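Presented below is the structure to which this report refers.
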Amino acid sequence: MLETGLVSKAIDVEEIRKDFPILKRKVHDKRLVYLDNAATSQKPKQVIDTLIDYYSNYNSNIHRSVHQLAEEATQAFEAAREKTRAFINASKTDEVIFTQGTTEGLNFAASSLVSKYVKKTDSIVVTEMEHHSNFVPWQQAAKRAGAYFEIVSVDDEGFLDFSDLDNKLKGAKIFAFSESSNVLGSNLDAKELTKRAHENGALVVVDGAQSAPHMPVDVQNMDCDMFAFSSHKMLGPTGVGCLYGKRDLLASIPPFLYGGDMIKEVHRKETNWNDLPWKFEAGTSNIADVIGLGSAIDYLKRMGMSNIRRHETEICRAALEELAKFPDVEVYGPKVAENRSAAISFNVAKIHPHDVASILDEEGVAIRSGHHCAQVLMERLGVSATARASFYLYNGYDDLEALIEGLKKVRQVFQ
Amino acid sequence: MSADIYKEIILDYYKNPRNKGTLESPDVSVRDSNPLCGDVIEMQMKFEGDKLREIKFNGDGCAISQASASILTEMVSGKTIEEARSLDKSALLENLGSPNLGPVRIKCALLSLKVMKMGIYQHLGGSDATPSPEDLASSR
Ligand SMILES: Cc1ncc(COP(=O)(O)O)c(C=O)c1O
């Protein structure tokens, strides 16, 4: 039995919850216990208020008109870019490109990098545990280029098989991997992997969808060439993300989309591209939500990414201990909290994860079930689906307790 | 004390499925999956004149999808092809004891109906055999 009244040492969960209006609601007459953060996080009122403020007070298009509203909107938009730069410690603000999210960023990266740097019979390398959005774009781009598409094996704990990796990196042009697995929760050493890829002359693209929200990120220290993440998994609005790229690399590749705002001069036969980063931001951007992302970053910064990481590691350790007490529950991924995120996939013997999730839902506990957009990994694990509970800064020990009690209920229903 | 959508009937059919297995030399064999949750249902059928004489299913997935397949096979076995083809989803949901499933779980419940109708249309063959979205229970 989990000790009652445990509180996190790193984060004041009770205080933080006051900022999240949705956490006050009831689900099936129970307190909402939101453990589906790897799918999307909840939003604090600071972020919600930022959106309301934008639409109520200075809604305008950016980079175009010269009136007051346009000035204010442009300034707030570009301020969000600077906040985003600082958040991942990029060296220059113009290395931060706003996208619709990780998926769009990775698609852009795949099509632009492959068209410029990958020739027939070259190879592109990904891993077995990629989310479909860091798998399918590379697979399809490789097909178009006539290049080989190599998949690095994952061991039982959710880490890369290094001998397989080193083999496949030989002669590779691009290596794309996620820093933190959305299914297994394994956190990879992105700096070390980048170094190995660079030694082989490969460009490195990192899917940061599950790492950026939960741990400090430093793209200069990591030395990756591109890094993609989504606002909605880190307290920000949906529909916005960031693709970071090293300046020289961004300068060398063609634009992703053509249209307004991304041009400098258009003539009948020729067009010159705008400077970075606007070369990659065609059309009217998702202005409100970019500014909202800036507000989410302010919030995270105030809490401190290291504190968030410490808090989640603490909860994760307790969760692994509690889940281990169920003989019929199998937990996937690393067994040690320090090596992983607090996105914990598991299965209950003989009960489909959908049924697990539905019964937990009736207890107010929201988790994910399914293949998590990682069918290649599911095949590797030999399962068709898993249940996944994923924690964030507003989840405390009481949420873990609700999960554990809910799992007991699941067994009762199905016994 | 079972959770609300897990009616006795669903748990019963899930734990003791009727008509689960394969037929020897079936006339048609059909399979489909639900891309969202990975539920898989396979069905095999034997026809005699205008009757669906025998139907069996196999599959993998949640209790709702598997119980639904089992209940459906009982509902249509021995019925006319036309009765099976025109079976409405509400009848199946009624028999599952869950007429009010939400938009996500209803896909689990209706996968079997879609597969059964695919099988009927495959048997009917010909150019007018393309099922309409309603006939396929439009479960997506
Ligand atoms: C590891 C990983 N990569 C990429 C994505 C895609 O992110 P988005 O849907 O925000 O584009 C996700 C989100 O589920 C993810 O977990």
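For A:V126, state whether it is within 16 Å of the ligand (Cβ to nearest atom), open to solvent by less than 10 Å² (accessible area, probe 1.4 Å) and modelled with pLDDT of 95 or more. Break it down into steps so the answer makes sense when it comes.
On the way: within 16 Å of the ligand (Cβ to nearest atom): yes; open to solvent by less than 10 Å² (accessible area, probe 1.4 Å): yes; modelled with pLDDT of 95 or more: yes.
Criteria met by A:V126.
Determine which member of the set A:G283, A:G333, A:G292 is in contact with a Pro (Cβ under 7 Å, 6 or more places away or on another chain), more than 14 Å from every other protein chain (Cβ to nearest Cβ) and not β-branched (V, I, T).
On the way: A:G283 fails: in contact with a Pro (Cβ under 7 Å, 6 or more places away or on another chain); A:G333 fails: in contact with a Pro (Cβ under 7 Å, 6 or more places away or on another chain).
Selected residue: A:G292, the only one of A:G283, A:G333, A:G292 that is in contact with a Pro (Cβ under 7 Å, 6 or more places away or on another chain), more than 14 Å from every other protein chain (Cβ to nearest Cβ) and not β-branched (V, I, T).
In the stretch A:80-123, what residues are more than 16 Å from the ligand (Cβ to nearest atom), under 17 Å from the mean Cα position of the chain (by Cα) and open to solvent by 20 Å² or more (accessible area, probe 1.4 Å)?
Correct list: A:R85, A:F87, A:N89.
Under the condition of being touching a residue at least 40 places away in the same chain (Cβ under 8 Å) and under 17 Å from B:L72 (Cβ atoms), which residue from the stretch B:13-28 is farthest from the other protein chains (Cβ to nearest Cβ)?
By that ranking, first place goes to B:V28.
Test each condition in (1) more than 16 Å from the ligand (Cβ to nearest atom); (2) closer than 18 Å to A:L250 by Cα; (3) not hydrophobic (A, V, I, L, M, F, W, C) for A:D207 and report the one that comes out false.
A:D207 satisfies all of (1) more than 16 Å from the ligand (Cβ to nearest atom); (2) closer than 18 Å to A:L250 by Cα; (3) not hydrophobic (A, V, I, L, M, F, W, C) except (1).
Do we find a residue being open to solvent by 30 Å² or more (accessible area, probe 1.4 Å) and on the phi > 0 side of the Ramachandran plot anywhere in the stretch A:46-53?
No, because not a single residue in the stretch A:46-53 is open to solvent by 30 Å² or more (accessible area, probe 1.4 Å) and on the phi > 0 side of the Ramachandran plot.
How about the stretch A:311-328: which of its residues are part of a loop (DSSP other than H, G, I, E, B) and open to solvent by less than 30 Å² (accessible area, probe 1.4 Å)?
Step one: list which residues in the stretch A:311-328 are part of a loop (DSSP other than H, G, I, E, B), which gives A:325-328.
Answer for the stretch A:311-328, where residues must be part of a loop (DSSP other than H, G, I, E, B) and open to solvent by less than 30 Å² (accessible area, probe 1.4 Å): just A:F326.
Within 14 Å of chain B (Cβ to nearest Cβ) and either within 15 Å of the ligand (Cβ to nearest atom) or among the acidic types (D, E) (or both), is that true of A:V136?
Working: within 14 Å of chain B (Cβ to nearest Cβ): yes; either within 15 Å of the ligand (Cβ to nearest atom) or among the acidic types (D, E) (or both): yes.
Yes.
Scanning for something open to solvent by 10 Å² or more (accessible area, probe 1.4 Å) and more than 12 Å from the ligand (Cβ to nearest atom), does the stretch A:226-237 turn up at least one residue?
no
For the list (1) surrounded by 22 or more Cβ atoms within 10 Å (Cβ to Cβ); (2) not assigned by TED's automatic domain parsing to the domain that holds A:S230, I need the number of the one condition that A:A39 fails.
The single condition A:A39 does not satisfy is (1).
Modelled with pLDDT under 95 and hydroxyl-bearing (S, T, Y): is that true of A:T103 in this structure?
Details: modelled with pLDDT under 95: no; hydroxyl-bearing (S, T, Y): yes.
In short, no.
The values are calculated or read from the model by the stated rules, or taken from the named source; none is laboratory data. Keep in mind the model is a prediction, meaning the values are calculated, not measured. Note that we place each Cβ from the backbone using ideal geometry, even for glycine, and neighbour counts take in every protein chain shown. Ligands, DNA and RNA are excluded from the accessible area calculation, which covers all protein heavy atoms including side chains. Shrake-Rupley method; radii C 1.70, N 1.55, O 1.52, S 1.80 Å.
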